Amino acid sequence: MPMDLKSIAVCFALPEEAGPFQKSCGENVPVFFTGIGRANADKAAREYLAGQSPQLLLTCGFAGGLDPERKIGDVIFETENEGVRAKLIAAGAKPVKMFCADRIAVTAREKKQLREQTGADAAEMESAAVQAVCRERGIACATVRVISDTAGEDLPLDFNQFLTPEKKLEMSKLMMAVASKPWKMGAMMELQKNTKLAAQRLGEVLKKIIE
């Protein structure tokens, strides 16, 4: 299913998720950033679509694994569009059920509880809002995410503590927390390595589906 690049737009919560994709496709495909959480995603999607009319919007980024079978770098998706679904499967992405959460799932215990409560395979924080806006406007939409932390692992810090009520990441607080807990540095570096790998893998799959 060849796609007209002019008819596609891609959004990510944060630039860190988009780097590899933008390096390979940034000149050809419009990209915008929503920020973290449903409210920011809803606002950003509405603002973008007020001036643009893509036929397909891909809402992309990292996801936390809830299914123990999901590994770092696994690209997963959710969509109601059968043509896009076929394209994603051909590119190596796996169809799953995702849960759009209001907070970051930090511990393996929390992820296990989310899995039991929702039956979802992964959790993220923006795509349900983007999907809803697209549904209102009759625009095809697909959530394409990549596992950046697995169901069985605890994150090195509770990143929810560094989000403002508007879901803005306070980097100064985060850096102070890392500095005050130097024993966490190894785990933070491991997470950074995993997110870099995840972003690279996500970029590869996205490039395949729009070529």
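The values are calculated or read from the model by the stated rules, or taken from the named source; none is laboratory data. Remember, it's a predicted structure, so these values are computed and weren't measured experimentally. Glycine also receives a Cβ, built like all others from the backbone with ideal geometry; neighbour counts cover every protein chain displayed.
Quick rundown of the values:
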| item | result |
| --- | --- |
| Which listed residue, of 202, 191, 155, is closer than 16 Å to residue 12 by Cβ, surrounded by 15 or more Cβ atoms within 10 Å (Cβ to Cβ) and under 19 Å from the mean Cα position of the chain (by Cα) | 202 |
| Filtered residues of region 179-193 (kept if farther than 26 Å from residue 71 by Cβ and either among the acidic types (Asp, Glu) or in contact (Cβ under 8 Å) with a residue 12 or more places away in the chain (or both)) | 181 |
| Qualifying residue in region 161-168 (condition: surrounded by 15 or more Cβ atoms within 10 Å (Cβ to Cβ), at pLDDT 95 or above and outside any loop (DSSP other than H, G, I, E, B)) | no |
| Any chance residue 49 is buried (at least 22 other Cβ atoms within 10 Å of the Cβ) and either modelled with pLDDT under 95 or not small (Gly, Ala, Ser) (or both) | no |
| Filter result for residue 86 (at pLDDT below 95, in a helix (DSSP H, G or I), surrounded by fewer than 19 Cβ atoms within 10 Å (Cβ to Cβ) and out of contact with any strand residue (DSSP E or B) (no Cβ under 8 Å at 6 or more places or on another chain)) | yes |
| Positions within region 89-110 being part of a strand (DSSP E or B) and not aliphatic (A, V, I, L, M), in sequence order | 94, 95, 99, 100 |
| Some residue of region 45-53 being closer than 17 Å to residue 145 by Cβ and in contact (Cβ under 8 Å) with a residue 24 or more places away in the chain | yes |
| Criterion violated by residue 78 - all others in (1) modelled with pLDDT of 95 or more; (2) assigned to a helix (DSSP H, G or I) satisfied | (2) |
| Total residues in region 23-34, condition polar (S, T, N, Q), at pLDDT below 95 and either crowded, with 16+ Cβ neighbours inside 10 Å or not in a loop (DSSP other than H, G, I, E, B) (or both) | 1 |
| Unique residue being closer than 14 Å to residue 105 by Cα, under 15 Å from the mean Cα position of the chain (by Cα) and either crowded, with 22+ Cβ neighbours inside 10 Å or at pLDDT below 95 (or both) when the list is 127, 148 | 148 |
| Residues of region 68-106 that turn out to be within 19 Å of residue 37 (Cα to Cα) and more than 15 Å from the chain's Cα centre (by Cα), as a count | 1 |
| Residue check for residue 132: surrounded by fewer than 18 Cβ atoms within 10 Å (Cβ to Cβ) and assigned to a helix (DSSP H, G or I) | yes |
| Within region 117-159, tally of residues that are of a type in the set (Asp, Glu) and closer than 13 Å to residue 65 by Cα | 5 |
